[in-house]
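> Starting off with a structure, shown below.
The values are calculated or read from the model by the stated rules, or taken from the named source; none is laboratory data. Since this is a predicted model, take the numbers as computed values, not measurements. Here the Cβ positions follow ideal geometry from the backbone for every residue, glycine too, while neighbour counts run over all protein chains shown.
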């Protein structure tokens, strides 16, 4: 038996024992999304039910279904206090239940993704960190797998680190390694990883994606957000050459392009020949593709999403979504009617980094309407948040066209954006723009 295995065995405990080792009245930071450890979360829920936690702050981004089945339940909201930096549908549903009772159960924390690690280690005390990791290798290392994001930063500075070892978590490279000597407790749980499959694209999604794909040259480096439009954009790039990947997200639609050699990283400036990500959300085949693949490298968001790093890749192309865009070019991608819906995430990081790149472009892609006909091109933002300032906006794309806002006056912006709106709304938007002295 190796010394590393002896250390592993000495630190291995049940999930219930690990939860018992977490003190009450602290900040518990959880790995993001796929890395949220289901066994440990279930044990925390059981300890809460038994009265063991009375005032525990939870910090995380993008809760998966397993969190909604364990710690993020209405019955615990008098004792567990969620502080998401990015909202998922689990958080939105819980927040809605709380508001129905006149309470704010979910305490959203605004944050740009590249600052998340610093926020969770400097502005918030990282008392305990729990996350899912891949099995230990012969040298004593686990891998953070799908989620170096803020995890690679927090795991180095947390006062207590508890890992849930899962054979389904891919072993990835980059800055993803964690040594057994640097963890306090180990729990084993081979639960299936969370999977998320992109929805079938609408006709509008396809029209939007094809316009964006035509703007992407050979040799470009890509950042793609989540959803149907980025997936279709990637499918439209099958005949491109020498594309690179420097993306916040690694997703299933990227795998065929890598396998065909379309994404090869040959012309990248930063980490050429490497497919760079900070979090992955996909399906089992995607995780299998990532596993032990030396070309797929994960780094913390404070590196991957840092605009000064992003800008070093020439022809950086960034594709993200939005809730609404106003007539001056301000973008809201995170709230609806003043209520947090998702979060800033890495959108502004890449909007700024891509435009600062030589030849770079950022695209905000969205259907022209939502909810049966409500315009997403609006006179003024109604969501209560400005994700991207009007100075940062570059290309805005709907199914009705594409507009480059850089260098445009307020009047030119209004005119171009009205042209992207659904025809049913253009007359009203024109009248309002005149009242606002934009036209």
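> Among the candidates 54, 48, single out the residue that is at pLDDT 95 or above, more than 25 Å from residue 143 (Cα to Cα), more than 24 Å from the chain's Cα centre (by Cα) and crowded, with 21+ Cβ neighbours inside 10 Å. Write out each step before concluding.
Working: 54 fails: crowded, with 21+ Cβ neighbours inside 10 Å.
Selected residue: 48, the only one of 54, 48 that is at pLDDT 95 or above, more than 25 Å from residue 143 (Cα to Cα), more than 24 Å from the chain's Cα centre (by Cα) and crowded, with 21+ Cβ neighbours inside 10 Å.
> Do we have residue 282 as crowded, with 19+ Cβ neighbours inside 10 Å, touching a helix residue (DSSP H, G or I) at 6+ places or on another chain (Cβ under 6 Å) and part of a loop (DSSP other than H, G, I, E, B) here?
yes
> Related question: Test residue 369 against the stated conditions and say whether it is at pLDDT 95 or above, closer than 25 Å to residue 61 by Cβ and surrounded by fewer than 19 Cβ atoms within 10 Å (Cβ to Cβ).
For residue 369, the condition - at pLDDT 95 or above, closer than 25 Å to residue 61 by Cβ and surrounded by fewer than 19 Cβ atoms within 10 Å (Cβ to Cβ) - is not met.
> Search the stretch 337-366 for residues being more than 17 Å from the chain's Cα centre (by Cα) and modelled with pLDDT under 95, and hand back the single one that is surrounded by the most Cβ atoms within 10 Å (Cβ to Cβ).
339
> Scan the stretch 57-80 for residues that are surrounded by fewer than 18 Cβ atoms within 10 Å (Cβ to Cβ) and touching a helix residue (DSSP H, G or I) at 6+ places or on another chain (Cβ under 9 Å) and jot them down.
Passing the criteria: 65, 68, 69, 73, 74, 75, 79.
> Could you check the stretch 172-213 and list, in sequence order, the residues that are buried (at least 20 other Cβ atoms within 10 Å of the Cβ) and closer than 25 Å to residue 271 by Cβ?
Across the stretch 172-213, the qualifying residues are 172, 174, 176, 177, 178, 212.
> So which residues in the stretch 214-241 are free of Cβ contacts under 8 Å to residues at least 24 places away in the same chain and surrounded by 19 or more Cβ atoms within 10 Å (Cβ to Cβ)?
234
> Yes or no: residue 296 surrounded by fewer than 23 Cβ atoms within 10 Å (Cβ to Cβ) and either under 24 Å from residue 61 (Cα atoms) or assigned by TED's automatic domain parsing to the domain that holds residue 402 (or both)?
The answer is no for residue 296.
Quick grid of which residues meet (1) touching a residue at least 40 places away in the same chain (Cβ under 8 Å); (2) assigned to a loop (DSSP other than H, G, I, E, B); (3) over 20 Å from residue 233 (Cα atoms); (4) out of contact with any helix residue (DSSP H, G or I) (no Cβ under 6 Å at 6 or more places or on another chain):
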| site | (1), (2), (3), (4) |
| --- | --- |
| 351 | yes, no, no, yes |
| 355 | yes, no, no, yes |
| 382 | yes, yes, yes, yes |
| 386 | yes, yes, yes, yes |
| 390 | yes, yes, yes, yes |
| 393 | yes, yes, no, yes |
| 403 | no, no, no, no |
| 407 | no, yes, yes, yes |
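> Filter the stretch 1-24 for residues that are modelled with pLDDT under 95 and outside any helix (DSSP H, G or I); which is surrounded by the most Cβ atoms within 10 Å (Cβ to Cβ)?
Filtering the stretch 1-24 for residues that are modelled with pLDDT under 95 and outside any helix (DSSP H, G or I), the one surrounded by the most Cβ atoms within 10 Å (Cβ to Cβ) comes out as 2.
> Within the stretch 219-270, track down each residue that is at positive phi and over 21 Å from the mean Cα position of the chain (by Cα).
Across the stretch 219-270, the qualifying residues are 219, 242, 261, 265.
> A further question on this structure: If you go through the stretch 81-97 one residue at a time, do you hit one that is more than 17 Å from residue 338 (Cα to Cα), touching a residue at least 12 places away in the same chain (Cβ under 8 Å) and either surrounded by 22 or more Cβ atoms within 10 Å (Cβ to Cβ) or in contact with a helix residue (DSSP H, G or I) (Cβ under 8 Å, 6 or more places away or on another chain) (or both)?
Among the residues of the stretch 81-97, at least one is more than 17 Å from residue 338 (Cα to Cα), touching a residue at least 12 places away in the same chain (Cβ under 8 Å) and either surrounded by 22 or more Cβ atoms within 10 Å (Cβ to Cβ) or in contact with a helix residue (DSSP H, G or I) (Cβ under 8 Å, 6 or more places away or on another chain) (or both), which makes the answer yes.
> Same structure again: Show me the strands (runs of 3 or more DSSP E) found entirely inside the stretch 56-162 where at least 1 residues are over 25 Å from residue 188 (Cα atoms). Outline the logic, then answer.
Details: elements: 56-60, 80-84, 128-133, 141-143.
Those strands (runs of 3 or more DSSP E) span 80-84.
> Looking at the stretch 103-125 only, could you name the residues that are buried (at least 24 other Cβ atoms within 10 Å of the Cβ) and either touching a strand residue (DSSP E or B) at 6+ places or on another chain (Cβ under 8 Å) or farther than 27 Å from residue 335 by Cβ (or both)?
106, 113, 120
> Contact list please: Cβ distance under 7 Å, first residue in the stretch 311-334 and not assigned by TED's automatic domain parsing to the domain that holds residue 247, second residue surrounded by 23 or more Cβ atoms within 10 Å (Cβ to Cβ) and assigned to a strand (DSSP E or B), pairs at least six apart or on different chains.
Short answer, once both residue conditions are applied: none.
> To continue, here is another question. Only one of (1) in contact with a helix residue (DSSP H, G or I) (Cβ under 7 Å, 6 or more places away or on another chain); (2) free of Cβ contacts under 8 Å to residues at least 60 places away in the same chain fails for residue 267. Which number is that?
If we test residue 267 against (1) in contact with a helix residue (DSSP H, G or I) (Cβ under 7 Å, 6 or more places away or on another chain); (2) free of Cβ contacts under 8 Å to residues at least 60 places away in the same chain, just (1) comes out false.
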